Amino acid sequence: MLDVAAFNWTREPRDYRITDSGIEVTTKPHTDLWQRTYYHFQNDNAPAFQMETSERYFSFVVKTDFAESCHRFDQCGIVMYLDSENWLKASVEYENESYQHLGSVVTNEGYSDWATTVIDASVKSMWYRLSRREDDYLIECSADGIHFEQMRICHMRKGNGAIRFGIYACSPEESSFKAVFTNMQLLECQWEAHDGQPPDAD
């Protein structure tokens, strides 16, 4: 696992534990990250545990376990939180006893989007891989930590210099659960350079 001494909290949670094997976070009710779009509200109080880097090409991997997740919108996953209006996240969000949403949110300059796919409610763990190529980012997920599938490619308007990235967990409604993060790794960029149409000339 990555040396967590390099990580710092953005909004330290009230209840968490760091061990040699991983990080456990017990969420607090009414914590979330969202900016404006559709709902017309702003939520900016979810805790994030992040490290800072200026490395322009890398991949970050983590496994999330959320066996206790059982209330609508309970979630935990990866995050790149730059400031209140510029960030991205990916997670499984509990919906009901039948299904959940595996998805990602990208927020640029104060407006969020949300892209999702439905998965079965029996899923209680997920791997994520965040890869950076300059100011473009790839988010992937995996059931086994070996075979990763693309969730989205995005551009971060403030993501070209030093950034902070890591993990987060929250419960937007009146609930709380324990999120467990293990197998955190920082790797050489696993997102290969595009080998198709060449870039446009400046």
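Summary table
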read-out	value
Segment 42-74, residues that are farther than 27 Å from residue 122 by Cα and either of a type in the set (A, V, I, L, M, F, W, C) or assigned to a loop (DSSP other than H, G, I, E, B) (or both)	45, 51, 54, 55, 56, 58
Among the candidates 200, 135, residue that is surrounded by fewer than 20 Cβ atoms within 10 Å (Cβ to Cβ) and closer than 23 Å to residue 36 by Cβ	135
Residue within segment 55-69 that is farther than 23 Å from residue 145 by Cα and either surrounded by 15 or more Cβ atoms within 10 Å (Cβ to Cβ) or under 15 Å from the mean Cα position of the chain (by Cα) (or both) present	no
Of the criteria (1) touching a Pro at 6+ places or on another chain (Cβ under 7 Å); (2) crowded, with 18+ Cβ neighbours inside 10 Å; (3) charged (D, E, K, R), which one residue 74 fails	(1)
Strands (runs of 3 or more DSSP E) lying entirely in segment 94-160 (those with 3 or more residues that are closer than 18 Å to residue 184 by Cβ)	125-133, 136-142
In segment 117-132, residue nearest to residue 81 (Cα to Cα) [restricted to those that are β-branched (Val, Ile, Thr) and either touching a Pro at 6+ places or on another chain (Cβ under 8 Å) or surrounded by fewer than 16 Cβ atoms within 10 Å (Cβ to Cβ) (or both)]	117
Qualifying residue in segment 126-133 (condition: within 12 Å of the chain's Cα centre (by Cα) and over 14 Å from residue 59 (Cβ atoms))	yes
Within segment 11-60, tally of residues that are β-branched (Val, Ile, Thr), in contact (Cβ under 8 Å) with a residue 24 or more places away in the chain and over 15 Å from residue 76 (Cα atoms)	2
Residues that are of a type in the set (A, V, I, L, M) and assigned to a strand (DSSP E or B), drawn from segment 1-41	18, 23, 25, 33
Segment 176-202, residues that are among the aliphatic types (A, V, I, L, M) and over 14 Å from the mean Cα position of the chain (by Cα)	186, 187, 193, 201
Cross-chain or 6+ apart pairs with Cβ under 6 Å, segment 179-202 first and farther than 24 Å from residue 54 by Cβ, then β-branched (Val, Ile, Thr) and part of a strand (DSSP E or B)	179/25
Residue in segment 151-175 that is farthest from residue 84 (Cα to Cα), counting only those that are within 14 Å of the chain's Cα centre (by Cα) and open to solvent by 10 Å² or more (accessible area, probe 1.4 Å)	151
Exclusive hit being buried (at least 17 other Cβ atoms within 10 Å of the Cβ) and at pLDDT 95 or above, set 103, 110	103
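For every residue, the table says whether it meets (1) within 16 Å of the chain's Cα centre (by Cα); (2) modelled with pLDDT under 95; (3) not hydrophobic (A, V, I, L, M, F, W, C).
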{"position": "47", "(1), (2), (3)": "yes, no, yes"}
{"position": "72", "(1), (2), (3)": "no, no, yes"}
{"position": "81", "(1), (2), (3)": "yes, no, yes"}
{"position": "88", "(1), (2), (3)": "yes, no, no"}
{"position": "94", "(1), (2), (3)": "yes, no, yes"}
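This table checks each residue for (1) within 23 Å of residue 96 (Cβ to Cβ); (2) out of contact with any Leu (no Cβ under 6 Å at 6 or more places or on another chain).
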residue	(1), (2)
112	yes, yes
119	yes, no
125	yes, yes
133	no, yes
136	no, yes
154	no, yes
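The values are calculated or read from the model by the stated rules, or taken from the named source; none is laboratory data. In this text, all values refer to a predicted model and were calculated from it rather than measured experimentally. Every residue, glycine among them, receives a Cβ derived from its backbone with ideal geometry; neighbour counts consider all protein chains shown. Ligands, DNA and RNA are stripped out before the accessible areas are found, and what is left, the full protein with its side chains, is counted by its heavy atoms. Shrake-Rupley method; radii C 1.70, N 1.55, O 1.52, S 1.80 Å.
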